[in-house]
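The values are calculated or read from the model by the stated rules, or taken from the named source; none is laboratory data. Being a predicted model, the structure only gives us computed values, none of them experimental. We place every Cβ from the backbone using ideal geometry, glycine too, and count neighbours over all the protein chains shown.
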């Protein structure tokens, strides 16, 4: 008899996968920056605005809100400067809303003061570390009250760490294969014996936790998967705007036992 195992899916995050959404645009300090917030979404009469008239604004799974807004910060005040259709970034036929018509009372010199908005804005800068979590090398958190910035804080997210085991999934597969102790694996009945190894990131690349869920009656398989995962020298570490983000990954591992070839 020979014992075999395979990892059929590596590192599936509990958050799942979704199409990356196109962010708003912010022009600030002579830079054009991605704005991962949606101030226009809190405008009280947004649903009543006919943003693009009778024009077909198109559709994109990367733009569920249906628009891309452009903003400017001038003298610590947030202004709406444009509203584009979702094909803003890749189409020459993009549609632009008429702000003067939509905001006749608030419109001045091509801008609309966002005096309806109070709350936080997340403004990212530098290289992307994790797109799904929207972690970039640095980030400003701007606190606004009725469109005016009352406080701003810059955070350094560069200590976030992406391990080789998530950068290259074969690395984790090879690590498990190299460290498995077949003496700890009992003789298995025919069929598939599945163990879900779960890794949760912690407060540093050396600080992570492991656990398992199993669809097998063999507790030895669970113990072996836990033993191996605890041997990992490091794992991912995420920090965003001064807060550590703990994130779980799961990997289904299948064990079976077949007759050795004659």
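Specify the residue that is modelled with the lowest pLDDT; the eligible residues are those in the stretch 179-203 that are within 35 Å of the chain's Cα centre (by Cα) and closer than 15 Å to residue 218 by Cβ. Among those residues, the one meeting the criterion is 192.
Beta carbons closer than 7 Å, at least 6 apart along the sequence or on distinct chains, pair a first residue in the stretch 221-232 that is under 13 Å from residue 177 (Cβ atoms) with a second that is surrounded by fewer than 16 Cβ atoms within 10 Å (Cβ to Cβ) for 224/181; 224/184; 228/179; 231/179.
On the stretch given as the stretch 148-163, residues that are surrounded by fewer than 15 Cβ atoms within 10 Å (Cβ to Cβ) and either within 30 Å of residue 75 (Cβ to Cβ) or without any contact (Cβ under 8 Å) to a residue 60 or more places away in the chain (or both) total 7.
Residue 94 - would you say it is free of Cβ contacts under 8 Å to residues at least 12 places away in the same chain, in a loop (DSSP other than H, G, I, E, B), surrounded by fewer than 16 Cβ atoms within 10 Å (Cβ to Cβ) and touching a helix residue (DSSP H, G or I) at 6+ places or on another chain (Cβ under 8 Å)? Yes: the conditions hold for residue 94.
Scanning the stretch 58-67 turns up no residue that is modelled with pLDDT of 90 or more, in a loop (DSSP other than H, G, I, E, B) and either within 20 Å of the chain's Cα centre (by Cα) or in the same structural domain as residue 118 (by TED's automatic domain parsing) (or both). In this structure, residue 172 does not satisfy being touching a residue at least 40 places away in the same chain (Cβ under 8 Å) and closer than 30 Å to residue 72 by Cα.
When 105, 154, 72 are checked against the criterion of being outside the structural domain of residue 236 (by TED's automatic domain parsing) and not in a strand (DSSP E or B), a single residue qualifies: 105.
Scan the stretch 210-262 for residues that are at pLDDT 95 or above, in a helix (DSSP H, G or I) and exposed (fewer than 13 other Cβ atoms within 10 Å of the Cβ) and the total you get is 1. Would the stretch 131-147 turn up any residue that is in a loop (DSSP other than H, G, I, E, B), surrounded by fewer than 16 Cβ atoms within 10 Å (Cβ to Cβ), modelled with pLDDT of 95 or more and in contact with a strand residue (DSSP E or B) (Cβ under 8 Å, 6 or more places away or on another chain)? Within the stretch 131-147, none of the residues are in a loop (DSSP other than H, G, I, E, B), surrounded by fewer than 16 Cβ atoms within 10 Å (Cβ to Cβ), modelled with pLDDT of 95 or more and in contact with a strand residue (DSSP E or B) (Cβ under 8 Å, 6 or more places away or on another chain).
Scanning the stretch 42-57 for residues that are loosely packed, with under 12 Cβ neighbours inside 10 Å and in a helix (DSSP H, G or I) returns 47, 48. When residue 117 is tested against the conditions (1) in contact with a helix residue (DSSP H, G or I) (Cβ under 9 Å, 6 or more places away or on another chain); (2) modelled with pLDDT under 95; (3) surrounded by 15 or more Cβ atoms within 10 Å (Cβ to Cβ), the lone failure is (2).
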